[in-house]
Amino acid sequence: MSEENKAILKAEGLTKIFSSGIINKEYTVAVNNASFELYPGKVTSLVGESGSGKTTVGRLILKLIEPTAGKIFFKGQDITDIEDRDTKKEYYRQIQGVFQDPFSSFNPLFKINRIFDILFREFEPETKNREELISQSLEEVNLNPDRILDKYPHQLSGGQLQRLLIARALLLDVDILVADEIISMLDASTKMGVLNLLVDICRDKGMAVLFITHDLNLGYYLSDDTLILHEGNLVERGATTKVYENPYHPYTQMLFDSVPDIEEKWDRSKEFIPEQIIEAVEEFYQNNDEEGYKEVEENHFVLMSILETENYK
Ligand SMILES: Nc1ncnc2c1ncn2[C@@H]1O[C@H](COP(=O)(O)OP(=O)(O)O)[C@@H](O)[C@H]1O
Ligand SMILES: [Mg+2]
């Protein structure tokens, strides 16, 4: 079976354009024509600077927002335009998001045990040994059930709430976990623990994890596959070792150059200058004849020219 057939989720030409203003409409192309796949048991990191469109990709995948163009396939089925309540619910049952700001994922008026009750009622009404399962999943993410279940969300730290969301994913045994910049909420002592947990869960349960980060080192450390996002364009994607060891797109090259090596003294000449990048990227697109993505080596794709979004106005 080819890799292609095994993807749990496939995005094709995913595009999100936000419009604002009533009289003079302004458009923001947050994500432009992004195509990628997520695989069971693999961590895929989505790497890019602030504002590059990472969160938007995550929200599109989670179906919290609708794409302007493009398609999403889940287990081979086109789920882009599903409206039917049951089909939507079935999808939401299979995917879980963990966000930078986890407070927004919880109803502040409900204690944690109530939140779990609602979860079971909504998704798994037949389950008998709820308490045991809840305790198990909490312990797996290093939370003490006795200290957590009787609390309100505001009584817990951001890191604890993120781990609760991971526990929720474990409980539901979801197929896809989207983790968006979760690291900033974690204190140093639990940081690596939670990240390793994420990788273990991914491997052991065969979950696909989309790990969204602006931290290149973390991406390298954690992920099997890497997606590099630059101003809404997915400029490079493929096996993490290949993308990191042999970056091809000028943006990726500059991104990697700009990361100060811990061993090295900070080299000012290597500083990240936006104008230089824009110029280098434009030159790169002009100087090659290829269109769209090119497979420069096996499982390593590079964007050779900007894929124009269809007219949306
Ligand atoms: N709801 C929205 N309405 C208008 N513009 C938005 C909205 N959400 C995001 N954007 C814009 O889309 C771009 C990408 O944002 P985002 O996906 O949050 O980037 P990242 O997560 O990489 O920092 C930014 O220019 C941002 O201002
Ligand atoms: Mg973001």
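Odds and ends about this structure:
- Verdict on Glu37 being under 14 Å from the mean Cα position of the chain (by Cα), more than 10 Å from ligand 1 (Cβ to nearest atom) and in a strand (DSSP E or B): yes
- Some residue of the range 216-224 being among the charged types (D, E, K, R) and either within 16 Å of ligand 1 (Cβ to nearest atom) or without any contact (Cβ under 8 Å) to a residue 40 or more places away in the chain (or both): no
- Taken as a whole, the structure leaves Tyr39 outside the set of residues that are farther than 30 Å from Leu255 by Cα and either touching a Pro at 6+ places or on another chain (Cβ under 7 Å) or touching a residue at least 24 places away in the same chain (Cβ under 8 Å) (or both).
- All conditions in (1) away from ligand 1 (no atom under 13 Å from the Cβ); (2) of a type outside the set (Val, Ile, Thr); (3) surrounded by fewer than 19 Cβ atoms within 10 Å (Cβ to Cβ) hold for Ser184, with the sole exception of (1).
- Boolean, Thr28 is among the hydroxyl-bearing types (Ser, Thr, Tyr) and over 19 Å from Ile183 (Cα atoms): yes
- Test result for Val57, under 19 Å from Ile95 (Cα atoms), near ligand 1 (Cβ under 8 Å from one of its atoms), touching a strand residue (DSSP E or B) at 6+ places or on another chain (Cβ under 9 Å) and not hydroxyl-bearing (Ser, Thr, Tyr): yes
- Of all residues in the range 24-46, those satisfying the criterion of being more than 30 Å from Asp204 (Cβ to Cβ), surrounded by fewer than 17 Cβ atoms within 10 Å (Cβ to Cβ) and either in contact with a Ser or Thr (Cβ under 6 Å, 6 or more places away or on another chain) or at pLDDT 95 or above (or both) are Lys25, Glu26, Tyr27.
- Helices (runs of 4 or more DSSP H) fully within the range 138-214 counting 3 or more residues that are β-branched (Val, Ile, Thr): 188-205
- Scoring Val57 on the criteria (1) away from ligand 2 (no atom under 14 Å from the Cβ); (2) outside any strand (DSSP E or B) leaves a single failure, condition (1).
- Of the criteria (1) assigned to a strand (DSSP E or B); (2) over 24 Å from Asn196 (Cα atoms); (3) within 13 Å of ligand 2 (Cβ to nearest atom), which one Leu46 fails: (2)
- In this structure, Gly21 qualifies as surrounded by fewer than 17 Cβ atoms within 10 Å (Cβ to Cβ) and more than 16 Å from ligand 2 (Cβ to nearest atom).
- Options Lys242, Lys205, Lys191: the member that is basic (Lys, Arg), within 16 Å of Leu303 (Cβ to Cβ) and away from ligand 1 (no atom under 16 Å from the Cβ): Lys242
- Pairing residues of the range 118-145 that are farther than 18 Å from Leu197 by Cβ with residues that are assigned to a helix (DSSP H, G or I) and hydrophobic (A, V, I, L, M, F, W, C), at Cβ distances under 8 Å and at least 6 apart in sequence or on separate chains, gives Leu119/Leu171; Leu119/Leu172; Phe123/Leu172; Glu124/Leu172; Thr127/Phe120; Thr127/Leu133; Arg130/Phe116; Arg130/Phe120.
The values are calculated or read from the model by the stated rules, or taken from the named source; none is laboratory data. Just so it is clear, the model here is predicted, and its values are computed rather than measured. Neighbour counts run over all protein chains shown; Cβ positions are idealised from the backbone, glycine included.
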